[in-house]
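What follows is a set of notes on a single structure, which appears directly below.
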Amino acid sequence: MMFDRIKEKLEILADAAKYDVSCSSSGSKRSNKNKGLGNSDGMGICHSYTEDGRCVSLLKILLTNHCIFDCAYCVTRRSNDIQRAAFKVQEVVDLTINFYRRNYIEGLFLSSGIFKDPDFTMERLIQVAKKLRLEENFNGYIHLKSIPGTSDELMREAGLYADRLSVNIEIPTISGLKKLAPEKDHSDFIKPMEKVKNEIIQYKSEKKIIKSTPIYAPAGQSTQMIVGATGESDREVMLSANHYYKNYNMKRVYYSGYVPIRSDPRLPSMGSQVPLLRENRLYQTDWLMRFYGFKVEELLNQEFPNLDIEVDPKLSWALRNPQHFPIDINRAEKEILMRIPGVGLKSVSKILDARKYRKLNYGHLKAIGVAFNRARYFIICDSRGWESSDLDSGKIKSLILRNSVGKFRKEYTSQLSLF
């Protein structure tokens, strides 16, 4: 009977957790010690892949899907008529250890609805992590979702046992949050973020002096926002993300397209799900901001507030800014090479190394791994003249699309007949 009830809870609370997409490789370096269980050194998370190709997974569940709030966009909202369940602390601990010993998982991703109040809920999340670390000697990856409005004392304790902490900002704009979740206060999301940021800085400083100082939240913190629930532009989404990266030292910001779950005049109509391609373009933009030196205003502005669905954001920027091209592959600096469509970070490094020994031509660039279908219109090298010398941006775009193959191509192949 007990087994059947645990199984039922697991089915309910694992299904409810699927809406949280803030899962990735942990970045933690918590190595196994004292003959304990698990090792999060370089490990990642739920059904994902590490850089060396390993598939890894986490037990991803909610502690409970009961919630005192009635947010319009949330499937676990108070007014929703769904089957409710809640795990006991020891049940989550036992599930994690048993799943790990059977080689099903390499760690735990634990979130929760809010029952009673934020501190009451957060205390139980921390108890799970604390029991795993201290009683079970578990050294695997643990990701705890911080509850908005949690006290500073609990946030400090959480970071001592979890590898990563995260508070979902939920809606990109303050006005959107007020519209869809009037019971919540934006400051309740910001307070735990600020606490985690400050604790990470403080513990790092102390560890330089006292080597035995524990590492606080070694994988840092992340957040997630729902895209498309309040009609915000891509520019507003990325400005919000940039704010959290800059002011709260976020490791990652995740973007989750809103899935209509109810008829509500405040929400998009049923059946109007946000295209996966929009999510993909937002992640590409995020990558350009974090690793390629682009600013939000370069990629998105008042004239172009939304991303071009047909082409990636770097190519879209290049097509709108022809004055920066062509770029000489054999002479341009690293920062300039990174702005060429179809040229990634690894390709840039290879170009910089290879051109020390000879001038590079189209054949060399293809061998290096440059996406030549895109790059050829924006570069010059030790080959014939610039490909786009007599082509405008519209023609270049149509040629690239006509010769492109991608996982989202089927979503807009009908448009190609227009060119």
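Some notes on this structure:
- Qualifying residues in the range 246-288 (those that are part of a loop (DSSP other than H, G, I, E, B) and closer than 30 Å to GLN202 by Cβ) - the one least open to solvent (accessible area, probe 1.4 Å): MET250
- Evaluation of SER349 against (1) touching a residue at least 24 places away in the same chain (Cβ under 8 Å); (2) surrounded by fewer than 16 Cβ atoms within 10 Å (Cβ to Cβ); (3) closer than 26 Å to LEU299 by Cα (one fails), failing number: (1)
Let's see how each residue does on (1) part of a helix (DSSP H, G or I); (2) over 19 Å from THR76 (Cα atoms):
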residue	(1), (2)
LEU177	yes, no
LYS184	no, no
SER187	yes, yes
LYS207	yes, yes
SER212	no, yes
PRO218	no, yes
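- Selection from the range 289-302 of residues that are in a helix (DSSP H, G or I) and open to solvent by less than 40 Å² (accessible area, probe 1.4 Å): MET289, VAL296, LEU299
- The range 203-240: number of residues that are charged (D, E, K, R) and outside the structural domain of GLU157 (by TED's automatic domain parsing): 4
- Qualifying residue in the range 328-337 (condition: farther than 19 Å from TYR292 by Cβ, in contact with a helix residue (DSSP H, G or I) (Cβ under 6 Å, 6 or more places away or on another chain) and not acidic (Asp, Glu)): no
- Meets criteria (farther than 18 Å from SER146 by Cα and hydroxyl-bearing (Ser, Thr, Tyr)) for SER222: no
- Complete set of residues in the range 191-223 that are surrounded by fewer than 16 Cβ atoms within 10 Å (Cβ to Cβ) and among the small types (Gly, Ala, Ser): SER205, SER212
- Residues of the range 352-371 classified as surrounded by 16 or more Cβ atoms within 10 Å (Cβ to Cβ) and either of a type outside the set (D, E, K, R) or touching a residue at least 60 places away in the same chain (Cβ under 8 Å) (or both), total: 8
The values are calculated or read from the model by the stated rules, or taken from the named source; none is laboratory data. Keep in mind it's a predicted model, so treat the numbers as computed, not measured. Neighbour counts run over all protein chains shown; Cβ positions are idealised from the backbone, glycine included. Just so you know, the surface numbers come from the protein's heavy atoms only, side chains and all, with ligands and any DNA or RNA stripped out. Shrake-Rupley method; radii C 1.70, N 1.55, O 1.52, S 1.80 Å.
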